[in-house]
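Rule-based calculations on the coordinates, nothing more; no lab input. It should be emphasised that the depicted structure is a prediction, and the values quoted were computed from it without experimental measurement. Glycine gets a Cβ as well: all are built from the backbone with ideal geometry, and neighbour counts include every protein chain shown.
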Amino acid sequence: MATRMTYLLVILIWTTTPLAIKLGGDSLDPMASLTLRMLIAFLVGSAICTVGGIAALNIKRNGMVYLAGSLGLFPNMALVYFAAEYISSGLIALMFGLTPFCTAILARPILGENLLLPHKIIAIILAMIGLLFIFYDDTVITGKAYIGLLLMLGSNIIFSACILWIKRLNKILHVPPFEQTLGAMAFSLPGLLITWFFIFGYEPLSFSPISIGSLIYLSLIASLIGFAAYYHVLNKMKVETVALIPLITPISAMILGVIVADEIITNYMYIGAFFIIFALAIHQEFFSILFNSMIKIKFKKG
């Protein structure tokens, strides 16, 4: 029962995170919001380690893993935060769904593994068709919205490369997930602070109730609890069950954006979302798993 509740919690967090990022821009600029989020999460995480007697970071041994993970926070998350300035939270969630395709493409050069099996190639083609529908939509691509979509594509590539690099390093090092997260935050903070202060320029912070709520939620719930919950689910549940999460969250995030933030979903977005989610189902072998499960149930009844 606890694992099932955790599974639902992960879906809820993944659903609400894009909207929280979008709402965080109410009074804070993207770099300020992201930097404060990582700083708060790192300080709270460090306090938890201290109180719980968890071992500190081992930079000499695991520094490369921390570095690889930090790239998933900076510059990767910075791209997501800036994308939120141009596109809706629902579209951000939908673009997140493209990550598995980037991972499959980059697996050979980074891991030396060929993940581009025939069904995954078909899935990538279908996802690209869905993306073309979104790019073709004049209602979505207004002003500089195309910048947000391109930023999200860049984010997907960086995040996929980071995940694969971490996987490669952890074949030898086996760094615990929570230590890996804190190490990634520690290594990303200098870049975040330098970029915020010296490139974009520091300005006096202005906190609205919405931006404060977003900051607290993203720091404590999305960054710390969400991470721990995801790894708990990954360890306790079947892979095919966990694989359903990226199929569910783009749809739920788009619906949430409409309800909470009055975001608009156009016909082209519906068509594009259908192609991308259908492609994800093929990529994750959802239909094969469903068919095999039905056969097993029928066999047991027989």
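For LYS167, the conditions (1) under 30 Å from ILE264 (Cβ atoms); (2) part of a helix (DSSP H, G or I) all hold with the exception of (1). Looking across region 200-215, just one residue is among the aliphatic types (A, V, I, L, M) and without any contact (Cβ under 8 Å) to a residue 60 or more places away in the chain, and that is ILE212. Restricting to region 256-276, name every residue that is in a loop (DSSP other than H, G, I, E, B) and polar (S, T, N, Q). Of everything in region 256-276, just one residue is in a loop (DSSP other than H, G, I, E, B) and polar (S, T, N, Q), namely THR266. Of all residue pairs spaced 6 or more apart or on separate chains, those with beta-carbon atoms under 6 Å, a first member in region 112-130 that is free of Cβ contacts under 8 Å to residues at least 40 places away in the same chain and a second member that is of a type in the set (Gly, Ala, Ser) and assigned to a helix (DSSP H, G or I) are GLU113/ALA107; LEU115/ALA104; LEU115/ALA107; LEU116/ALA104. Checked against (1) charged (D, E, K, R); (2) within 21 Å of ALA84 (Cα to Cα); (3) part of a helix (DSSP H, G or I), GLU203 passes all but a single condition, namely (3). Counting only residues that are of a type in the set (S, T, N, Q) and over 30 Å from ARG4 (Cα atoms), region 189-239 holds 4 of them. For the residues SER219, SER188, the requirement of being over 29 Å from PHE101 (Cβ atoms) and not in a loop (DSSP other than H, G, I, E, B) singles out SER219.
When residues in region 168-177 are screened for being of a type in the set (Val, Ile, Thr) and free of Cβ contacts under 8 Å to residues at least 60 places away in the same chain, 1 of them pass. Within region 210-223, identify whether any single residue is within 24 Å of PHE286 (Cβ to Cβ) and either touching a Ser or Thr at 6+ places or on another chain (Cβ under 9 Å) or of a type in the set (Lys, Arg) (or both), and answer yes or no. Looking through region 210-223, none of the residues is within 24 Å of PHE286 (Cβ to Cβ) and either touching a Ser or Thr at 6+ places or on another chain (Cβ under 9 Å) or of a type in the set (Lys, Arg) (or both). Regarding region 147-167, can at least one residue be identified that is under 24 Å from LEU218 (Cβ atoms) and without any contact (Cβ under 8 Å) to a residue 40 or more places away in the chain? Scanning region 147-167 turns up at least one residue that is under 24 Å from LEU218 (Cβ atoms) and without any contact (Cβ under 8 Å) to a residue 40 or more places away in the chain.
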